[in-house]
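So the structure is just underneath, and the comments pick up after that.
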């Protein structure tokens with residue numbers, strides 16, 4: 001009897017964790033992440049190095065806005081801008097998003113505009129979340145106008 005109770009209790013916990021729905025939350029957040037390819041392997045013009053992005057923003061229902069700053073000191077690259085995302089399942093633990101990134105790339109003597117298309121996936125804990133973000137960026141600072149990146153990181157909700 002005790003064994004069956006433990007088995008049913010364990011199954012119940014697994015199901016509740018998998019299908020747990022958050023209340024529709026409105027919150028502010030901060031996050032940080034790295035370009036995974038540059039951190040683990042190497043970039044197109046550099047050896048392995050940290051390309052770090054910092055962000056802060058707000059989410060309300062199906063909309064998320066984020067201001068961000070990116071610093072890649074190895075190649076003297078800085079960028080900043082804003083992400084505007086549509087949140088597909090805001091009340092779930094696993095949250096997909098899609099949106100646009102409007103930004104500027106700062107090189108040693110010039111600032112160049114950029115536009116990116118974003119796909120992001122967040123996995124939410126109570127106050128923390130982890131994310132993976134893929135983007136295709138139209139860049140005016142390069143001869144080849146498009147560049148893809150994949151970022152991974154962690155955030156905290158207020």
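As a proxy for reagent exposure, 48, 59 were ordered by neighbouring Cβ count within 10 angstrom, fewest first; the result is 48, 59.
Quickly work out the residue 41-to-residue 74 label distance, labels modelled 7 Å from Cα along the C-beta direction, and quote it in nm with one decimal. Placing both labels 7 Å beyond Cα along the Cβ direction yields 1.3 nm. With each label modelled as a point 7 angstrom along the Cα→C-beta vector, the residue 93-residue 27 pair spans 1.5 nm. Measuring r between the beta carbons of residue 54 and residue 143 and using R0 = 41 Å, the FRET efficiency lands at 0.90. With N counted as the residues of segment 26-157, its alpha-carbon radius of gyration over 2.2 N^0.38 Å works out to 1.03. Counting beta carbons within 10 Å around each of 54, 27 and listing the fewest first gives the order 27, 54. Among 70, 143, a tally of other beta-carbon atoms within 10 Å of each Cβ gives an order, fewest to most, of 143, 70.
Every number in this text was worked out from the coordinates using simple rules, so none of it is lab data. No experiment lies behind these values; they were computed from the predicted model shown. Reconstructed Cβ throughout: ideal geometry from the backbone, glycine too, with neighbour counts over all protein chains shown.
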